[in-house]
Every structure is written in C-alpha cells, then in structure tokens.
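The values are calculated or read from the model by the stated rules, or taken from the named source; none is laboratory data. Here the structure is a predicted model, which means the values were calculated and not measured. Note: ideal-geometry Cβ built from the backbone for every residue, glycine included; neighbour counts use all protein chains shown.
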C-alpha cells in the first residue's frame, strides 16, 4: 500500500511515511543523494535505500538527516505519520 504525503503549499511541512518524508526533506534542501550521504557519512546507495523504504535509518541518522536539511523529523503516534518541518517546531521528536 502506498500512502500519499500531505504538505503545506509552501513545502515547509510534510507528513507521510518515513521514506517519503526523508526524500522531501532532502529535495527541499536542494541536496542530491550523494551530497546528503557525504554529510551523513553514508553512501548514496544507503540514502537511496532509506528513501525507497528498503531499509530504515537509525534514529540518530534520522535526526542528523533532518538537521542537515534544515528542519526536524517527528513521529506522531496518534496519526501514525512522520512529519518533517522546516520551521523546526514539531511537538513530538524521534525517540
């Protein structure tokens, strides 16, 4: 099942499955997979696998990813969705 992401019109906040939220954060920051991989000390292949949902990054990588992309990634247990916010104002952070 593929879930659509929800985003604000300015792209400053997006919610959905983790892989889609991470991909949006990277593209919003104007980074290629290779560029982000270098910043995360990971390969482009790892970034691709995380964005495709083949593998899940660690919580530390998720926090660093969000920071490198100028925002914050949060999990909302009520909706079951991940949120990336460029404004860094999520109420619920990654564990």
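Among the residues examined, residue 19 qualifies as in contact with a helix residue (DSSP H, G or I) (Cβ under 7 Å, 6 or more places away or on another chain) and either within 17 Å of residue 85 (Cα to Cα) or at pLDDT below 95 (or both).
Filtering the range 40-54 to residues that are surrounded by 14 or more Cβ atoms within 10 Å (Cβ to Cβ), assigned to a helix (DSSP H, G or I) and in contact with a helix residue (DSSP H, G or I) (Cβ under 8 Å, 6 or more places away or on another chain) leaves 40, 44, 46, 47, 48, 50, 51.
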